[in-house]
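Data block below; observations after.
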Amino acid sequence: MDDSPEPRSGCFPKGCLIVSLVGIAMAVMVGAGAFYLYGKMLDRFTSVRPAEVQIVTPSRDAIQIARLTLDRFRAALANNREETIEFTSADLNALVSADSDFAGARGKVRFAMADSAMTMDLSTPVDSVPLPRFRGRWFNGTVRFSLDYSYGQFAFGPQLIQTSSGRVPTWLLTTEFGSSFSHSFTKSFTEAVQKNRQGATLWKHIKKITVEGDKLDVTTQRVVD
């Protein structure tokens, strides 16, 4: 295992990798489905209680591989070098299941990746939806989307939002929503990062994040002060 020191520029090298992905999935779900959900039976798509998202207990080898991959990512940040690190869905699920830094996501998310899209089974609060009756409710369902983050710009391709009671219509996800939401999300993300000094320093070291095939590729970059 790499003995390089962990970077101290923010939380992303620890638990925030998973938290950031959950936040992105929530933003996709809210952006694409909030008004549809509100107008088409809120109770069908949200619940007053969270659900338990189960992950098959990973083997010791799977946990070790996931932690080694995470250590490579941490070392690239700590040593200010450019490197692309590939996370499989098995890596992400193993970290959620067994690593203390990701304990906050345990029971709330499960990952799968295929065909350059990420699928997340989620149980997450929808308090952030700025509409009546959403506070105190939960989205217990599945979100699938393509993701590309490059040089500070996000691009999303929402493909699926569904619960056990139904799904958001495909036509809503394949309209102009994708490009307009990507622009809006990038603007909000940039403003939020600028308000957080540690976050701003950290994200300067992230060059690209994308889902390619069945892997999440995270590329760091060297920053010259």
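The values are calculated or read from the model by the stated rules, or taken from the named source; none is laboratory data. A quick note: this is a predicted structure, and the numbers were derived from the prediction, not measured. No Cβ is skipped: glycine too gets one built from the backbone with ideal geometry, and neighbour counts run over all protein chains shown.
Restricting the stretch 98-157 to residues that are among the polar types (S, T, N, Q) and more than 16 Å from Phe45 (Cα to Cα), which is surrounded by the fewest Cβ atoms within 10 Å (Cβ to Cβ)?
Step by step, filter the stretch 98-157, then rank; the result is Ser100.
Would you pick out the residues in the stretch 42-86 that are within 30 Å of Arg135 (Cα to Cα), free of Cβ contacts under 8 Å to residues at least 60 places away in the same chain and either buried (at least 18 other Cβ atoms within 10 Å of the Cβ) or not polar (S, T, N, Q) (or both)?
Listed by number, the residues that qualify are Asp43, Ile55.
Quick grid of which residues meet (1) touching a residue at least 24 places away in the same chain (Cβ under 8 Å); (2) closer than 16 Å to Val48 by Cβ:
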residue	(1), (2)
Ala105	yes, no
Val109	yes, no
Met113	yes, no
Met118	yes, no
Ser123	yes, yes
Val126	yes, yes
Val129	yes, yes
Arg135	no, yes
Trp138	yes, yes
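Look at Ala66 and say whether it is among the small types (Gly, Ala, Ser) and either under 18 Å from Val109 (Cα atoms) or at pLDDT 85 or above (or both).
Yes.
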